[in-house]
Amino acid sequence: MYVAGNSINEIETKLTKDLSNVGNWCTHNNMVINIEKSKIMLVSTRQKRQYLRGNDINVCIDDQPLEPVGCHKLLGVHLDQCLTWSSHIKHIKTKISRNIALLRRIKRYLPLNTRLTFYNSFILPHMDYCSTVWGNCSDVLIDSIFKLQKLSARLILDADTSTSTSTLFKQLKWLPFRQRTVYHKGVTVYKSLNGLAPLYMKSLFKYTSEVHSRTTRSTTADCLYVPRVKTEFRKKSLGYSGAILWNSILPEIRNSPTLKVFKTKFYDYLFQSI
């Protein structure tokens with residue numbers, strides 16, 4: 001559950017009302033809210049936080065206050081109150097590093113195809129999971145993941161540090177981590193526009209022809225409308241960055257008849273640029 005507001009008082013009022021409705025629904029359906037597992041977090045930019053009254057929200061369920069947190073795990077993703085994703089990336093780096101250390105110990109016993117299977121099974125999923133959400137983090141955090149990906153490539157191919165990264169990735173047919181996040185974002189937009197994702201995802205995007213009545217190059221090319229945003233924070237949202245990315249993709253790729261065809265063409269397009 002989430003609400004938005006211009007002040008903490010407004011947020012507390014909205015949350016209290018919504019929680020009351022949820023509590024009534026639970027009572028009517030013989031259910032109980034687990035208050036110990038219920039947390040509350042105030043999400044904002046660092047700049048706005050300076051002008052807020054305190055950093056916590058005071059909301060209760062059945063006269064029991066919810067615990068305020070600065071970071072919380074939700075569906076495998078660690079959310080922090082400024083959406084920097086530093087906590088999440090620290091967590092997945094620990095998991096990836098642990099599996100890379102294991103690969104280093106056992107690689108002498110494994111042929112190349114088995115090493116790749118190990119990477120695809122125990123390392124890559126940590127990089128890819130929900131990367132469309134947290135892949136808009138800072139360059140420093142992106143590079144920290146990319147370094148682990150490069151180390152994995154050197155271990156798999158028994159390559160030394162003198163071998164260029166591009167050579168390794170071309171041999172393995174890998175996309176660098178930043179390009180992988182672009183790839184997954186493009187796939188998400190394609191699914192959203194073609195009825196392969198939940199309906200609320202499609203509502204994030206509109207074609208330019210649906211917004212502007214006059215004929216322009218963007219309306220005839222089936223480009224997406226790019227919403228006007230004022231902050232860098234909003235530019236990282238999927239509705240904005242996804243539209244920018246989609247409009248940059250070649251029309252012959254955007255108009256792919258199936259998801260499988262789109263994935264193949266888009267991956268090849270990104271791979272050619274490394």
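Odds and ends about this structure:
- Number of residues in region 77-98 that are farther than 12 Å from VAL133 by Cα and not β-branched (Val, Ile, Thr) equals 11.
- Positions within region 32-78 being assigned to a loop (DSSP other than H, G, I, E, B), of a type outside the set (Gly, Ala, Ser), open to solvent by less than 100 Å² (accessible area, probe 1.4 Å) and more than 27 Å from MET127 (Cα to Cα), in sequence order: ILE33, ASN34, LEU52, ASN55, ASP56, ILE57, VAL59, LEU66
- Restricting region 231-264 to residues that are under 19 Å from THR132 (Cα atoms) and among the charged types (D, E, K, R), the residue that is surrounded by the most Cβ atoms within 10 Å (Cβ to Cβ): ARG254
- Residues of region 141-162 classified as assigned to a helix (DSSP H, G or I) and among the polar types (S, T, N, Q), total: 3
- Candidates are the residues of region 104-137 that are within 13 Å of the chain's Cα centre (by Cα) and assigned to a loop (DSSP other than H, G, I, E, B); the one that is surrounded by the fewest Cβ atoms within 10 Å (Cβ to Cβ) is CYS130.
- Annotation: ALA101 fulfils all but one of (1) at pLDDT below 95; (2) open to solvent by 30 Å² or more (accessible area, probe 1.4 Å); (3) over 21 Å from CYS130 (Cα atoms); the unmet one is (1).
- Residues of region 221-230 satisfying the condition of being over 17 Å from SER192 (Cβ atoms) and open to solvent by less than 80 Å² (accessible area, probe 1.4 Å): ALA221, VAL229
- Tally of residues being open to solvent by 20 Å² or more (accessible area, probe 1.4 Å) and assigned to a helix (DSSP H, G or I) across region 163-191: 15
- Among residues of region 76-99 that are free of Cβ contacts under 8 Å to residues at least 24 places away in the same chain and within 18 Å of ASP139 (Cα to Cα), those with a Cβ under 7 angstrom from a residue that is outside any strand (DSSP E or B) and polar (S, T, N, Q), sequence gap 6+ or separate chain, pair up as ASP80/SER86; ASP80/SER87.
- The single residue among ASP160, ASP143 that is open to solvent by 30 Å² or more (accessible area, probe 1.4 Å), under 16 Å from ILE92 (Cβ atoms) and either without any contact (Cβ under 8 Å) to a residue 12 or more places away in the chain or in contact with a Gly (Cβ under 7 Å, 6 or more places away or on another chain) (or both) turns out to be ASP143.
- Residues in region 3-61 that are more than 28 Å from ARG234 (Cα to Cα) and of a type in the set (Val, Ile, Thr): VAL22, THR27, VAL32, ILE33, ILE35, ILE61.
- Filter pass, ASN21 being part of a loop (DSSP other than H, G, I, E, B) and open to solvent by 50 Å² or more (accessible area, probe 1.4 Å): no
The values are calculated or read from the model by the stated rules, or taken from the named source; none is laboratory data. Quantities reported herein were computed from a predicted structural model and do not represent experimental measurements. So basically every Cβ, Gly included, is an ideal-geometry build from the backbone, and we count neighbours across all protein chains shown. For accessibility, only protein heavy atoms count, side chains too; no ligands or nucleic acids. Shrake-Rupley method; radii C 1.70, N 1.55, O 1.52, S 1.80 Å.
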